[in-house]
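Participant: Following this message is one structure expressed as structure tokens.
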Amino acid sequence: MSAPASHARPDAVALLTVARMRAADAAAIAGGVPGITLMENAGRAVAGVVMARYGLGPVAVLCGPGNNGGDGFVVARHLAAAGWPVRLALLGDLDRLVGDAALAAAGWVEIWGRESVLAADPGVLTGAVVIVDALFGVGLSRPLAGGAADLVAAMAAARRQGAAVVAVDVPSGLDADTGAAVGDVAGGDVMVQADVTVTFFRQKPGHLLLPGRLACGATVVADIGIPDAVLSAPAVAPNLWQNAPALFIGALPRPRIDDHKYRRGHALVLGGAVMTGAARLAARAAQRAGAGLVTVASPPAAELVYRLSSPSQIVRPLGDPAAAVGLLADPSVTAAVLGPGAGTGETEQALLRALVAAAGGRGADFGLVLDADIFTAFAGQADALKAHLGGRAVLTPHEGEFKRLFGSGHPVLMGDKLARTRAAARHLGAVVLLKGPDTVIAHPDGRAVIEAGGPPTLATAGSGDVLAGLCLGLLAGGMDAFHAAMAAAWLHAQAAVRFGPGLVAEDLAEQVPALLAALLSAA
């Protein structure tokens with residue numbers, strides 16, 4: 001997948017739903033850009049990608065009955081003009097095409113004749129080294145059936161035999177808003193697997209959300225002449241972005257010459273007695289993210305482990321719940337993380353519930369990260385947790401913890417990942433970071449960000465504890481919850497990219513200083 005430039009403008013990393021993309025098209029046309037010009041530019045861009053990536057050989061272009069099919073006619077015309085052997089097939093009736101699609105088809109027919117427009121069936125793929133999927137794009141809203149489903153299956157078979165598949169806008173069968181497969185009439189998941197997807201103006205959520213991101217292969221965003229100014233139109237204005245420094249760099253804490261450790265933020269980490277690694281990873285990450293002082297609250301049984309872990313961290317004994325609540329009441333403490341490695345026994349769970357209540361009493365200016373065992377402490381009690389969440393709270397569950405918190409049957413659990421994360425943030429009145437290879441970060445007001453830059457090496461024990469610690473350090477330094485979550489997720493992903501193969505969780509925090517230095521020097 002292509003990644004945006006690290007310091008691209010926020011509007012450059014905007015993601016547009018199908019409805020907003022259609023509104024962008026309409027706004028461009030209303031502003032004087034003819035629809036057929038947009039289609040011509042789109043088809044030329046796809047043809048250019050084919051010619052740049054693949055050697056000259058037979059191409060099959062599959063065109064659907066709408067504007068995606070119109071793009072396909074333009075692709076075929078440009079490839080044929082460049083000397084590529086092209087076989088064009090239409091799913092539908094040539095005489096029933098309308099609007100710009102009809103104009104694009106006429107441009108092909110004028111040169112190659114009506115007889116060159118073949119009926120779309122699996123046989124047209126025979127011998128093709130490249131298949132252009134211009135069947136449906138973002139326009140598909142119902143399950144695939146009949147000839148369409150047969151073509152998807154035939155593309156999969158041809159790809160297994162070595163053919164490359166280039167999708168126009170999105171692979172056919174992909175829901176561009178959710179990343180899910182639209183499916184077929186039998187209820188199966190039917191979706192084209194592309195090697196390259198060429199989309200236009202801006203990416204769609206489905207290009208980043210799984211399984212859509214896998215189905216798209218490499219995603220190329222082509223400029224087709226839609227002016228950036230359309231993003232300010234009310235029907236287009238984005239509330240969803242791909243995570244990038246441009247979204248949070250202005251909010252990053254910047255060290256001052258007259259700083260001292262307390263001004264840079266005092267972070268509190270609740271340490272567990274058994275899984276001490278989780279708290280130690282979080283504490284180290286908070287330091288690397290910029291917290292001036294990190295205190296670990298340790299149960300007596302593990303105090304020596306924490307004291308020997310890092311000479312720059314303060315370890316305070318956690319003899320009883322009253323002592324823990326007292327630590328949170330310390331006005332010098334600006335943020336805390338509760339949950340990583342805390343424990344799932346009744347004593348530990350009761351302590352977590354007491355600490356969350358105490359943190360809630362600190363008010364909206366207090367930074368709070370909730371992770372891991374906190375979601376067991378409040379299993380099925382999301383409303384009870386909600387009562388303690390202030391304005392700078394971030395919850396960082398993975399899918400299992402997310403479901404545990406809300407409990408079976410809760411309406412927040414309905415829908416795709418983006419919809420669920422937004423619903424949870426709105427319900428809780430706090431920022432929710434739902435972890436995964438397609439991490440979604442949602443604000444209670446509906447804004448959301450997708451972090452899709454993390455490599456598979458992040459699937460390692462302790463990785464999530466580091467993410468919680470990064471978020472903690474940024475909150476301690478004064479960032480608001482939404483920007484802290486974005487920055488933490490980006491740093492976490494890029495730290496893994498920077499380290500490379502063989503990554504273990506301990507390596508992540510040590511990559512952060514160089515990443516922060518690059519960010520701050522470019523700001």
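The values are calculated or read from the model by the stated rules, or taken from the named source; none is laboratory data. All of these numbers come straight from a predicted model, not from anything done at the bench. We place every Cβ from the backbone using ideal geometry, glycine too, and count neighbours over all the protein chains shown.
Participant: With the checklist (1) of a type outside the set (S, T, N, Q); (2) touching a strand residue (DSSP E or B) at 6+ places or on another chain (Cβ under 8 Å); (3) modelled with pLDDT under 95 in hand, flag the one item Gly391 doesn't pass.
Facilitator: (2)
Participant: Taking the stated definitions as given, is Arg420 closer than 30 Å to Asp259 by Cβ and free of Cβ contacts under 8 Å to residues at least 40 places away in the same chain?
Facilitator: Criteria not met by Arg420.
Participant: Ala267 is checked against (1) aliphatic (A, V, I, L, M); (2) assigned to a loop (DSSP other than H, G, I, E, B); (3) modelled with pLDDT of 95 or more and fails just one. What number does that condition carry?
Facilitator: It is condition (2) that Ala267 fails.
Participant: Output the residue which, of all residues in the range 158-171 that are touching a residue at least 60 places away in the same chain (Cβ under 8 Å) and within 18 Å of Met39 (Cα to Cα), is surrounded by the most Cβ atoms within 10 Å (Cβ to Cβ).
Facilitator: Val168
Participant: Any chance you could count how many residues in the range 255-279 are more than 17 Å from Ala517 (Cα to Cα) and either buried (at least 18 other Cβ atoms within 10 Å of the Cβ) or touching a Ser or Thr at 6+ places or on another chain (Cβ under 6 Å) (or both)?
Facilitator: So the answer is 15.
Participant: What number of residues in the range 226-263 are touching a Phe, Trp or Tyr at 6+ places or on another chain (Cβ under 9 Å) and assigned to a loop (DSSP other than H, G, I, E, B)?
Facilitator: Result for the range 226-263: 4.
Participant: Go through the range 135-157 and report how many residues are surrounded by 21 or more Cβ atoms within 10 Å (Cβ to Cβ) and either assigned to a loop (DSSP other than H, G, I, E, B) or in contact with a strand residue (DSSP E or B) (Cβ under 8 Å, 6 or more places away or on another chain) (or both).
Facilitator: Here the count works out to 8.
Participant: Identify, please: which residue in the range 198-216 is touching a residue at least 40 places away in the same chain (Cβ under 8 Å) and in a loop (DSSP other than H, G, I, E, B) and is, among those, nearest to Pro34 (Cα to Cα)?
Facilitator: Phe201
Participant: Regarding the range 234-250, can at least one residue be identified that is among the aromatic types (Phe, Trp, Tyr) and at pLDDT 95 or above?
Facilitator: Taking every residue of the range 234-250 in turn, at least one turns out to be among the aromatic types (Phe, Trp, Tyr) and at pLDDT 95 or above.
Participant: So, of the residues in the range 423-444 that are part of a loop (DSSP other than H, G, I, E, B) and touching a residue at least 24 places away in the same chain (Cβ under 8 Å), which turns out to be farthest from the chain's Cα centre (by Cα)?
Facilitator: Gly429
Participant: Could you list, in sequence order, all residues of the range 388-406 that are within 25 Å of Gly478 (Cβ to Cβ) and among the aliphatic types (A, V, I, L, M)?
Facilitator: Passing the criteria: Leu389, Ala393, Val394, Leu395.
Participant: Looking at (1) within 20 Å of Arg202 (Cα to Cα); (2) part of a helix (DSSP H, G or I), can you tell me which one Gly32 breaks?
Facilitator: In the conditions (1) within 20 Å of Arg202 (Cα to Cα); (2) part of a helix (DSSP H, G or I), Gly32 misses (2) alone.
Participant: Restricted to the range 1-24, and to residues that are of a type outside the set (A, V, I, L, M) and modelled with pLDDT of 95 or more, which residue is surrounded by the fewest Cβ atoms within 10 Å (Cβ to Cβ)?
Facilitator: The extreme case among them is Arg22.
Participant: Please give the number of the condition Gly409 fails out of (1) touching a His at 6+ places or on another chain (Cβ under 6 Å); (2) at pLDDT below 95.
Facilitator: All conditions pass for Gly409, except number (1).
Participant: Another question, then. Name the pairs: first residue in the range 445-465 and touching a residue at least 12 places away in the same chain (Cβ under 8 Å) and part of a helix (DSSP H, G or I), second residue of a type outside the set (Gly, Ala, Ser) and surrounded by fewer than 21 Cβ atoms within 10 Å (Cβ to Cβ), Cβ to Cβ under 7 Å, at least 6 apart or on different chains?
Facilitator: Short answer, once both residue conditions are applied: Thr457/Pro501; Gly464/His398.
Participant: Does Leu252 satisfy the criteria of being surrounded by fewer than 24 Cβ atoms within 10 Å (Cβ to Cβ) and touching a Gly at 6+ places or on another chain (Cβ under 9 Å)?
Facilitator: It is true that Leu252 is surrounded by fewer than 24 Cβ atoms within 10 Å (Cβ to Cβ) and touching a Gly at 6+ places or on another chain (Cβ under 9 Å).
Participant: Do you know which of the residues in the range 476-523 that are charged (D, E, K, R) and part of a helix (DSSP H, G or I) is nearest to Arg263 (Cα to Cα)?
Facilitator: The residue in question is Glu510.
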